[in-house]
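Encoded as structure tokens, the structure appears first; notes follow it.
The values are calculated or read from the model by the stated rules, or taken from the named source; none is laboratory data. Given the structure is predicted, the values throughout are model-derived calculations rather than measurements. Here the Cβ positions follow ideal geometry from the backbone for every residue, glycine too, while neighbour counts run over all protein chains shown. With ligands, DNA and RNA removed, areas are computed over all heavy atoms of the protein, side chains included. Shrake-Rupley method; radii C 1.70, N 1.55, O 1.52, S 1.80 Å.
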Amino acid sequence: MPFDFRRFDIYRKVPKDLTQPTYTGAIISVCCCLFILFLLLSELTGFIATEIVNELYVDDPDKDSGGKIEVNLNISLPNLNCELVGLDIQDEMGRHEVGHIDNSMRIPLNNGDGCRFEGHFSINKVPGNFHVSTHSATAQPQNPDMTHIIHKLSFGDKLQVQNVHGAFNALEGADKLSSNPLASHDYILKIVPTVYEDMSGKQRYSYQYTVANKEYVAYSHTGRIIPAIWFRYDLSPITVKYTERRQPLYRFITSICAIIGGTFTVAGILDSCIFTASEAWKKIQLGKMQ
């Protein structure tokens with residue numbers, strides 16, 4: 001007896017005499033198609049778009065930096081002459097620079113009465129501070145005015161990613177114009193290393209930071225008031241990493257199959273229930289069911 005290969009057909013066709021088209025079935029079919037189309041478009045949008053996953057770990061991510069962090073500072077002092085403005089840098093490794101001038105600009109404001117300081121410099125990855133003051137001036141002013149506006153203070157590479165919202169420039173717009181002109185300002189920064197890895201595997205290194213500040217009047221050993229704008233920083237051992245990812249193809253195909261199969265299964269059950277109830281109602285109206 002020859003072997004009948006058709007016995008392996010697990011998708012056998014329903015005989016035509018057992019099927020019956022109805023208006024309800026047509027409506028359900030149209031609704032199913034629209035629902036499937038909506039879910040397919042949603043899944044396609046999610047498959048095309050990239051998602052950003054973040055994680056935390058303890059490490060120094062940018063080991064090739066030589067233990068340095070790049071700093072970008074942009075600050076305006078509208079009531080202090082540019083000849084008096086200077087940047088000093090100190091840290092726990094013994095670095096002490098007074099009047100740092102490399103990669104910096106001092107732009108006169110208010111007809112020379114004020115100054116806008118823009119600096120690009122590096123600091124060591126150890127606790128320390130940098131401050132804007134008159135310490136490097138050859139002659140100290142009688143009443144230095146340290147009221148200021150901070151336009152920018154950022155560390156590391158600039159990240160412009162739509163779905164990453166972090167404190168990369170937390171002091172942007174800090175306005176101290178109404179404060180005491182002779183007051184010193186302390187900004188205490190906790191710097192958090194941040195890594196961003198795109199789809200190609202390229203990494204960019206930046207730093208977020210939190211900030212707290214206080215104002216006080218400081219006197220020198222001679223009794224004079226010498227105000228300054230201090231930025232005291234410390235580094236967090238925790239690194240934040242953002243990674244771009246895209247949904248894998250197999251997951252997308254699985255979701256499509258689940259959508260189509262699940263929708264038609266539920267629709268078939270719903271149509272069967274409606275059809276059975278309709279037939280039972282007809283029999284009740286004809287008096288065939290007691």
Exercise. Select from region 224-269 the residues that are in a loop (DSSP other than H, G, I, E, B) and farther than 30 Å from Met146 by Cα and write down the one among them that is most open to solvent (accessible area, probe 1.4 Å).
Key: Pro237
Quiz item: When only residues in region 20-29 that are surrounded by fewer than 13 Cβ atoms within 10 Å (Cβ to Cβ) and not β-branched (Val, Ile, Thr) count, which is modelled with the lowest pLDDT?
Solution: Gln20
Practice problem: Look through Ile284, Ile274 and report the one residue that is at pLDDT 75 or above, out of contact with any Gly (no Cβ under 8 Å at 6 or more places or on another chain) and aliphatic (A, V, I, L, M). | Solution: Ile274
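Being polar (S, T, N, Q) and under 30 Å from the mean Cα position of the chain (by Cα) is true for just one of Thr210, Thr222, Thr265. Which residue is that? Lay out the reasoning, then the answer.
Details: Thr222 fails: under 30 Å from the mean Cα position of the chain (by Cα); Thr265 fails: under 30 Å from the mean Cα position of the chain (by Cα).
Going through Thr210, Thr222, Thr265 in turn, just one is polar (S, T, N, Q) and under 30 Å from the mean Cα position of the chain (by Cα): Thr210.
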Quiz item: What residue, among those in region 59-99 that are assigned to a loop (DSSP other than H, G, I, E, B) and in contact with a Cys (Cβ under 7 Å, 6 or more places away or on another chain), is most open to solvent (accessible area, probe 1.4 Å)?
Solution: Asn81
Self-check item: Selection count where residues are more than 16 Å from Gly114 (Cα to Cα), open to solvent by less than 20 Å² (accessible area, probe 1.4 Å) and modelled with pLDDT under 85, scope region 129-155
Solution: 0
Practice problem: Check whether at least one residue in region 30-46 is closer than 30 Å to Pro141 by Cβ and at pLDDT 85 or above, and report yes or no. | Solution: no
Quiz item: For region 101-142, which residues satisfy the criterion of being within 30 Å of the chain's Cα centre (by Cα) and part of a loop (DSSP other than H, G, I, E, B)?
Solution: Asn103, Lys125, Val126, Pro127
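Return the residues of region 100-116 that are out of contact with any Leu (no Cβ under 9 Å at 6 or more places or on another chain) and either at pLDDT below 90 or surrounded by 15 or more Cβ atoms within 10 Å (Cβ to Cβ) (or both); say none if nothing qualifies. First the steps, then the outcome.
Applying the first criterion (out of contact with any Leu (no Cβ under 9 Å at 6 or more places or on another chain)) to region 100-116 yields 102-103, 105-108, 110-112.
Scanning region 100-116 gives Asp102, Asn103, Arg106, Gly112.
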